[in-house]
Amino acid sequence: MSPSIALPEPPPFRARFPWWGGDLQTLATRLGGAPPPVLPTAARLEFAMPDGTGDRLLARLDRPETPRPGAPLVILIHGLTGCETSAYLLSAARSFRDAGYRVLRLNLRGAGPSRPTCGGQYYVGRSQDFRAVMSLLDPSLTADGVVAIGYSLGGAMLLKYLGEEGAAAPLVAAASVCAPIDLSLTCQHMLRGRNRLYHAWLLRQMKRDATAEGARLEVAERAAILGSQTIWDYDEVFIAPRHGFAGAEDYYERCKPLRFLGGIRVPTLVLAAGDDPWIPASIYRGVDWAGLPALCPMLPDGGGHVGFHAADDLRPWSDRVLVHFVDSL
């Protein structure tokens, strides 16, 4: 624990039968965990990006039946190929809503419902989009503060934003869940033979999302996306050239969250699993957390990639940790 953040230890994570091990924990989120909750009263919000593209990010605002006085707005940011209806986002939204918080489920540029309204595409380095959303939020939503929580790629983008903003970040707290804090090592890890099924699935979803109706693509860009054989190829021939990077490795180096952790000044919970099959735990274990007083690392041995399906609750253990973290503020 960071010495500057007084957060009581949560109950230890124990996997729920039959989701034992990192792979089953990861798959349970998509195949067999608790069913996504139905969240009534969700209002549609739009955020027009001020960059001249005409792109509009869409979001869902969930309001609690019994609001908690003085509670901050909680913004949830999805991961790669996710959106506002991803199971882990719906589960977290329900947990925070039940605790009395208003929750904004944000779709990144070109993700889910934001695909038809955006010609552009999100990537880890696009922290300026979140910066724009923060500036466009209705003051009635932010009067009691804002907490942002990012999952996987969304967590990486959020950590980059926090490091860029430093003490000026307009947040009372933040959290990342299973974020790839070193992009190059994470990509190498995903390309291992044992991850070939994960990789094939992710790449297929990435190609589908990037070329769906609404995307503004040159003929050569579309061909490059569809011809990519790996996630590294996709970043090398599409993401990097489109966004001004020399190549995939230049993109990874310039945007990796590890470069920005030292600039973070907002209390930030960093949650990751030791058995995450997508992101090597060694990246997290190699960080000098004692030298990062704003960060609170929580690194249980189990949980998979955005899984954390626990033995004592149908809701993910990570939901309880995150609600407790925000409550403790």
Filtered residue count, the stretch 19-56, keeping only those that are at pLDDT below 95, assigned to a loop (DSSP other than H, G, I, E, B) and hydroxyl-bearing (Ser, Thr, Tyr): 1
Phe245 being closer than 20 Å to Gln205 by Cα and either in the same structural domain as Leu203 (by TED's automatic domain parsing) or of a type in the set (A, V, I, L, M) (or both): no
Which numbered condition Ala173 fails, given (1) among the hydrophobic types (A, V, I, L, M, F, W, C); (2) farther than 14 Å from Trp278 by Cβ; (3) within 14 Å of the chain's Cα centre (by Cα): (3)
Long-range neighbours under 6 Å by Cβ, at least six apart or interchain, first residue over 25 Å from Trp278 (Cα atoms) within the stretch 202-217, second charged (D, E, K, R): Ala212/Arg115; Gly214/Arg115
Qualifying residue in the stretch 139-149 (condition: closer than 29 Å to Gly304 by Cα, of a type in the set (Val, Ile, Thr), touching a residue at least 40 places away in the same chain (Cβ under 8 Å) and buried (at least 24 other Cβ atoms within 10 Å of the Cβ)): yes
Residue in the stretch 255-273 that is in a helix (DSSP H, G or I), touching a helix residue (DSSP H, G or I) at 6+ places or on another chain (Cβ under 6 Å) and crowded, with 23+ Cβ neighbours inside 10 Å present: yes
Single residue of Ile239, Ile181 found to be among the β-branched types (Val, Ile, Thr), at pLDDT 95 or above and not in a loop (DSSP other than H, G, I, E, B): Ile239
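Among the residues of the stretch 79-88, is any within 15 Å of Val326 (Cβ to Cβ) and among the charged types (D, E, K, R)?
no
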The stretch 45-101 - residue that is in contact with a Gly (Cβ under 7 Å, 6 or more places away or on another chain), in contact (Cβ under 8 Å) with a residue 60 or more places away in the chain and small (Gly, Ala, Ser) and, of those, nearest to Pro316 (Cα to Cα): Gly79
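Scan the stretch 196-209 for residues that are within 12 Å of Arg115 (Cβ to Cβ) and either under 18 Å from the mean Cα position of the chain (by Cα) or outside any helix (DSSP H, G or I) (or both) and report the count.
Initial filter on the stretch 196-209 (within 12 Å of Arg115 (Cβ to Cβ)): 208-209.
Add one more test, that the residue is either under 18 Å from the mean Cα position of the chain (by Cα) or outside any helix (DSSP H, G or I) (or both), and what stays is 209.
Count: 1.
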Residues within the stretch 116-137 that are over 23 Å from Arg254 (Cα atoms) and surrounded by 22 or more Cβ atoms within 10 Å (Cβ to Cβ), tallied: 1
Residue within the stretch 298-318 that is in contact with a Pro (Cβ under 6 Å, 6 or more places away or on another chain), surrounded by fewer than 18 Cβ atoms within 10 Å (Cβ to Cβ) and modelled with pLDDT of 95 or more present: no
Test: residue in the stretch 287-297 that is in the same structural domain as Gly82 (by TED's automatic domain parsing), closer than 21 Å to His199 by Cα and surrounded by 15 or more Cβ atoms within 10 Å (Cβ to Cβ): no
Scope the stretch 105-115; condition surrounded by 24 or more Cβ atoms within 10 Å (Cβ to Cβ), touching a helix residue (DSSP H, G or I) at 6+ places or on another chain (Cβ under 9 Å) and not in a loop (DSSP other than H, G, I, E, B); matching residues: Arg105, Leu106
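The values are calculated or read from the model by the stated rules, or taken from the named source; none is laboratory data. Please read these numbers as outputs of a predicted model, since none were measured by experiment. No Cβ is skipped: glycine too gets one built from the backbone with ideal geometry, and neighbour counts run over all protein chains shown.
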